[in-house]
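For reference, the structure is listed below as structure tokens.
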Amino acid sequence: MSKEKANYWPHAIVLAIFGVAGLCVWTVNIAVNNPVELDSFYFDSYQNVEQNYNDIINSQEAFDAKYDVILPAKDLKIGKNTIMIKVMDKEHNSGIDEANVTVVITRPDTQRLDKKPKVISTLNGVYALEPFEIKRLGRWQIMSKVRVGDLTTFKKLEVNATK
């Protein structure tokens with residue numbers, strides 16, 4: 001009686017094929033459940049930013065040479081929050097009340113939780129925004145677009161939401 005050697009290679013190849021197919025399905029499932037979020041730092045579509053990037057940067061440099069934008073450096077709290085943004089003229093050291101201020105409070109990983117408070121009052125260059133509610137702990141960004149005349153700047157401040 002002679003024992004034949006068992007050949008396991010066909011089983012290993014079939015198992016490897018099923019393993020690769022399973023990993024492909026898993027990868028597609030992860031990609032569908034975590035879509036790519038577009039960066040909205042410049043408050044415009046990617047295509048417009050790409051086409052006008054030099055103009056955006058030149059405008060921002062000219063704005064930053066003439067004006068200061070001061071964002072609050074405080075953390076957010078779970079619940080109601082409010083922030084104020086100050087726009088100052090560097091030359092005259094005075095507030096600018098005729099700026100167009102747009103603010104978005106966002107999480108870096110998703111745009112679903114974006115808060116877009118409107119300016120409710122302006123006094124001596126201090127722009128008070130309407131109250132907004134934060135419901136999730138963690139990292140948030142306060143992004144602003146400030147326009148005075150033909151000049152525009154963009155600012156981003158990283159903050160944490162705590163209890």
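Within region 122-163, restricting attention to residues that are of a type in the set (D, E, K, R) and closer than 14 Å to residue 81 by Cα, which residue is surrounded by the most Cβ atoms within 10 Å (Cβ to Cβ)?
130
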(message) Being outside any loop (DSSP other than H, G, I, E, B), more than 15 Å from residue 122 (Cα to Cα) and out of contact with any helix residue (DSSP H, G or I) (no Cβ under 9 Å at 6 or more places or on another chain): is that true of residue 74 here?
(response) no
(request) Return only the number of the condition from (1) within 30 Å of residue 101 (Cβ to Cβ); (2) surrounded by 10 or more Cβ atoms within 10 Å (Cβ to Cβ) that residue 36 does not satisfy. (result) (2)
(request) Filter region 108-121 down to the residues that are surrounded by fewer than 17 Cβ atoms within 10 Å (Cβ to Cβ) and assigned to a strand (DSSP E or B), then identify the one that is farthest from the chain's Cα centre (by Cα). (result) 121
(message) From the list 55, 68, 64, exactly one residue is of a type in the set (D, E, K, R) and outside any helix (DSSP H, G or I). Which is it?
(response) 68
(message) For region 83-116, which positions are more than 26 Å from residue 66 (Cβ to Cβ) and touching a residue at least 12 places away in the same chain (Cβ under 8 Å)?
(response) 105, 106, 107, 108, 109, 110, 111, 113, 115, 116
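Read-outs throughout are calculated quantities, based only on the coordinates presented, and are distinct from any laboratory measurement. These figures come from a predicted structure and were not determined experimentally. Virtual Cβ from ideal backbone geometry, glycine too; neighbours counted across all protein chains shown.
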